[in-house]
Amino acid sequence: MMNRRAQCNIVRAPQNRKGYALMVVLLITLVAGAVALHAAMLGMNTTLMQGSSDRAAVLDDAAIAGIEEVRNRLNARLDSVPVTGYGLIEDGVAVASAPGARRWTYVGRRGNTDGQTSTGEYGVVGHIISRVADPLGNTSIRRAEIYQESFARFADFTDRTRRADGAALYWALGMEAAGPVHSNDTIRIWTDTPWPQATFHSDVTTSEVVQGTVAGLFLKAPPKEGVSPIALPSTADMNSLKTTATAAGYSFTPAIVVGDTTNTTLRIQFIAIDTDGDGNNTGPTDGFFRVYRLNNVSRGEGYARASVPDPDPSAPVPGGATAPIDSVLFSWNCGRTVAGFVAGLPAEVTVDDSVLFNIPLLGTPGDLYRDRMRKKQDMFDEPTTRCFLGGDERLNGGTFRANDGAGQWLVRTSGTIPASIAGRADAAYLWPLSAVLNPSYRGVIFVEGHVAVSGVARGRVTVASRGNIVVAHNLTQAQNPGTTGCRPDGDIVGLFAGKSTFTADNLLITPQWRRNNTDNGDDWTWPRKDFDPDIRRPDFALHAVTLSIVSAGAERPIPPVGLPGDRYVHRGTMRMVGGQIRGRSGQTGTFSGAFLHGTGIDISFNTCALTYPPPFFPTTGRWSLAQYFEVNPLNFDPAVWFSLP
């Protein structure tokens, strides 16, 4: 029997899946839990972040508030900004607006201060750092850049608006101010016709009131009265300016001092020279100045700045003079001119025998005045007769004289000049107004005494004088203000007088008359004659910002007693582009009806003084905020930060 293997279909019994479902449910539960936990964590993190952000904002606000509190203290003169290093104003003080937090505030200067206390090459820049921290280690540090506004921002500034004798001074005769005007005193406008007596193109502020507003035209806004006064700088600021000038070798002292405070015996003449051959005198190394110093009074005390000389005592009028010999006819500063050249450029020049002083008297001392003076009078009447400042080469046929017997041009002792002008006759007497040619030059010329100024300035310069500054003739910029834009290397001139700034009453600015040909010369020729060699006569120009601690005005603005109204001396109008700041409103002229004695003034504001004031020009002392910055709190050390260049 054969055995056969049976074939069987094996059918597996169904398995139980209840455990698998449980695992799926558990997995879903875990995922849902993780999602919920993540959501909770996100919510908690958001809450923590929001809390941290809120805390950071509180600390940041506290830091900024600290900056403003320090700035207010500085402006209230409760604290000061150290010249070097830094000062600690708040040392871990509690901050009410941030419970538990404390604040430290620091103040100092960085860069471009040159050790100045109240001046800077472009103004004074300071920094306030405010650090706030809490016990949890949260820290916020904010820095603010602050600056002191230069006095050059004003077109007109006065501390007092009365003369030294107490007489009130007024804006009148159509005066205009194109920039900001401020006074710590009452501003007075003359109420008379024609209208307006004064026009103001910008802000007008006063610590007192404005009188006569109906006679003024305020183009920007009505004047603001009762504002806080602004203190003028002190004469102590002169010391730091002298230090800066001395470092460059640009500090000078007159050799002799005379009694008349406007008879300066030292003068500075600015000269712009085309050194690079580009056809203009506005290049970066085209600016220079020369210094003329009177050594004796052989040509009169006022020879340097062309004062009318004293009468000649050696030539009296015969018969017991009713009037002295006409002093103008004995001037060393005036003479008939001919066509000539100065440093290769066409110019009107005199020759020695045509200078009024050198023209001989005729006859004998007993002869009549008209006979003795005829030759001098004829030369006075010549249409080509001109007057020049002492030392000017035009008084010598255009030839430069280092020493003319009365004074000398000072030899340059610092800086260099380009080789292109080394062949000039005055090459050794040219002082550069450029840091390229004198690396120690920072823009300051200092005079220990009175000084006269004139010429064409190329560069940035502040002339500081411990005495008076006299504008002896035109002082202009090589780059005409308002036509070339405002740049850090643009021209600008500042005049800082420890006493007063005057526009001169001299042979150039003031028209002159001579005695007539009566027997004793007891009357005068009329009208007066203008001897100014400049084509702008009778007007003259001043491109400068002037700051005078005492006053600013015209020399001898009041006519002599007994001078008839129709003989008032009108010297023309000073066309000023810049601004004037002074302790007292000095007088520029006196008017009688239609007649003016003295100098008119027309002020156009140099807006470039707002952004690029004259170097190291005094500031108002008020700190303004420029902008805020954040500081990384990691390893912050104020001593390190304020020592950075």
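The values are calculated or read from the model by the stated rules, or taken from the named source; none is laboratory data. Keep in mind that what you see is a predicted model, and the values were worked out from it rather than measured. Using ideal geometry, Cβ is built from the backbone for each residue, glycine included, and neighbour counts are taken over all protein chains shown. Surface areas here come from the heavy atoms of the whole protein model, side chains and all, with no ligands, DNA or RNA. Shrake-Rupley method; radii C 1.70, N 1.55, O 1.52, S 1.80 Å.
Let's see how each residue does on (1) surrounded by 18 or more Cβ atoms within 10 Å (Cβ to Cβ); (2) in a loop (DSSP other than H, G, I, E, B); (3) at positive phi:
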{"residue": "V577", "(1), (2), (3)": "yes, no, no"}
{"residue": "Q587", "(1), (2), (3)": "yes, yes, no"}
{"residue": "T590", "(1), (2), (3)": "no, no, no"}
{"residue": "P613", "(1), (2), (3)": "yes, yes, no"}
{"residue": "G621", "(1), (2), (3)": "yes, no, yes"}
{"residue": "A626", "(1), (2), (3)": "no, no, no"}
{"residue": "N632", "(1), (2), (3)": "no, yes, no"}
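Among (1) touching a helix residue (DSSP H, G or I) at 6+ places or on another chain (Cβ under 7 Å); (2) open to solvent by less than 40 Å² (accessible area, probe 1.4 Å); (3) not basic (K, R), there is one condition I601 misses while meeting the rest; what is its number?
(1)
R267 fails exactly one of the following numbered conditions: (1) in a loop (DSSP other than H, G, I, E, B); (2) at pLDDT 95 or above; (3) of a type outside the set (V, I, T); (4) farther than 16 Å from S434 by Cβ. What is the number of that condition?
(1)
Consider A221 against the criteria (1) surrounded by 15 or more Cβ atoms within 10 Å (Cβ to Cβ); (2) at pLDDT 90 or above; (3) assigned to a loop (DSSP other than H, G, I, E, B): it satisfies all of them except one. Which criterion is unmet?
That leaves (1) as the condition not met.
May I ask you to say which residue of G166, G137, G216, G179 is out of contact with any helix residue (DSSP H, G or I) (no Cβ under 6 Å at 6 or more places or on another chain) and under 18 Å from G586 (Cα atoms)?
Details: G137 fails: under 18 Å from G586 (Cα atoms); G216 fails: under 18 Å from G586 (Cα atoms); G179 fails: under 18 Å from G586 (Cα atoms).
Being out of contact with any helix residue (DSSP H, G or I) (no Cβ under 6 Å at 6 or more places or on another chain) and under 18 Å from G586 (Cα atoms) holds for just one of G166, G137, G216, G179, which is G166.
State whether one or more residues within the stretch 482-493 are closer than 26 Å to S548 by Cα, assigned to a strand (DSSP E or B), touching a residue at least 60 places away in the same chain (Cβ under 8 Å) and of a type outside the set (D, E, K, R).
Yes.
F502 fails exactly one of the following numbered conditions: (1) assigned to a strand (DSSP E or B); (2) open to solvent by 10 Å² or more (accessible area, probe 1.4 Å); (3) over 23 Å from A304 (Cα atoms). What is the number of that condition?
(3)
Taking interchain pairs and intrachain pairs at least six residues apart, which have beta carbon atoms under 8 angstrom, with the first residue in the stretch 407-435 and at positive phi and the second open to solvent by less than 30 Å² (accessible area, probe 1.4 Å)?
Here the result reads G415/A248; G415/G249; G415/W431; G415/P432; G415/L437; G415/N438; G415/Y441, each pair linking the stretch 407-435 to a residue that is open to solvent by less than 30 Å² (accessible area, probe 1.4 Å).
Out of (1) over 30 Å from I187 (Cα atoms); (2) open to solvent by 60 Å² or more (accessible area, probe 1.4 Å); (3) in a loop (DSSP other than H, G, I, E, B), what's the single condition that is false for N239?
Answer for N239: the failing condition is (3).
What single numbered condition from (1) farther than 21 Å from L232 by Cα; (2) open to solvent by less than 10 Å² (accessible area, probe 1.4 Å) fails to hold for T462?
All conditions pass for T462, except number (1).
When the stretch 140-170 is examined, which residues are found to be crowded, with 18+ Cβ neighbours inside 10 Å and more than 23 Å from the chain's Cα centre (by Cα)?
Listed by number, the residues that qualify are S140, I141, R142, R143, A144, L169, Y170.
Between T246, T206, T262, which is among the hydroxyl-bearing types (S, T, Y) and within 23 Å of S604 (Cα to Cα)?
On the way: T246 fails: within 23 Å of S604 (Cα to Cα); T262 fails: within 23 Å of S604 (Cα to Cα).
None of the other options fit; the residue is T206.
Report, by residue number, each residue of the stretch 417-434 that is loosely packed, with under 14 Cβ neighbours inside 10 Å and not hydrophobic (A, V, I, L, M, F, W, C).
Result: S420, G423.
Please name all residue pairs, on different chains or six or more residues apart, with Cβ atoms under 6 Å, provided the first residue is in the stretch 530-559 and is closer than 14 Å to T262 by Cβ and the second residue is aliphatic (A, V, I, L, M) and open to solvent by less than 40 Å² (accessible area, probe 1.4 Å).
Close Cβ pairs (under 6 Å, with a partner that is aliphatic (A, V, I, L, M) and open to solvent by less than 40 Å² (accessible area, probe 1.4 Å)) amount to S548/A497; E555/A504.
Which one is nearest to the chain's Cα centre (by Cα) among residues in the stretch 606-645 that are at pLDDT 85 or above and of a type in the set (D, E, K, R)?
Ranking the qualifying residues of the stretch 606-645, first place goes to E630.
Out of E176, E145, E149, I need the residue that is in contact (Cβ under 8 Å) with a residue 24 or more places away in the chain, more than 24 Å from G494 (Cα to Cα) and not in a loop (DSSP other than H, G, I, E, B). Which one? Spell out the reasoning first.
Details: E176 fails: more than 24 Å from G494 (Cα to Cα); E149 fails: more than 24 Å from G494 (Cα to Cα).
Answer to the check: E145.
What are the pairs, 6+ residues apart or on separate chains, where a residue within the stretch 236-260 that is within 12 Å of V447 (Cβ to Cβ) has its Cβ under 8 Å from a residue that is assigned to a helix (DSSP H, G or I) and open to solvent by 60 Å² or more (accessible area, probe 1.4 Å)?
Filtered contacts from the stretch 236-260: S251/K242.
For the stretch 199-212, check the following and say yes or no: at least one residue is touching a Phe, Trp or Tyr at 6+ places or on another chain (Cβ under 7 Å), more than 28 Å from V463 (Cβ to Cβ), open to solvent by 50 Å² or more (accessible area, probe 1.4 Å) and of a type in the set (A, V, I, L, M, F, W, C).
Within the stretch 199-212 (the criterion being touching a Phe, Trp or Tyr at 6+ places or on another chain (Cβ under 7 Å), more than 28 Å from V463 (Cβ to Cβ), open to solvent by 50 Å² or more (accessible area, probe 1.4 Å) and of a type in the set (A, V, I, L, M, F, W, C)), the answer is no, since none of the residues qualifies.
How many of the residues in the stretch 270-292 are assigned to a strand (DSSP E or B) and either in contact with an Asp or Glu (Cβ under 6 Å, 6 or more places away or on another chain) or open to solvent by 60 Å² or more (accessible area, probe 1.4 Å) (or both)?
Narrowing the stretch 270-292 to residues assigned to a strand (DSSP E or B): 270-272, 287-292.
After this cut, where a residue has to be either in contact with an Asp or Glu (Cβ under 6 Å, 6 or more places away or on another chain) or open to solvent by 60 Å² or more (accessible area, probe 1.4 Å) (or both) as well, the list is 272.
Here the count works out to 1.
Which condition breaks for G598 when tested against (1) in contact (Cβ under 8 Å) with a residue 40 or more places away in the chain; (2) under 22 Å from R163 (Cβ atoms); (3) assigned to a loop (DSSP other than H, G, I, E, B)?
In the conditions (1) in contact (Cβ under 8 Å) with a residue 40 or more places away in the chain; (2) under 22 Å from R163 (Cβ atoms); (3) assigned to a loop (DSSP other than H, G, I, E, B), G598 misses (3) alone.
Mind listing just one residue for me: the one in the stretch 505-520 that is crowded, with 18+ Cβ neighbours inside 10 Å, among the charged types (D, E, K, R) and in a loop (DSSP other than H, G, I, E, B) and, of those, farthest from the chain's Cα centre (by Cα)?
Once the filter is applied, the top-ranked residue is R514.
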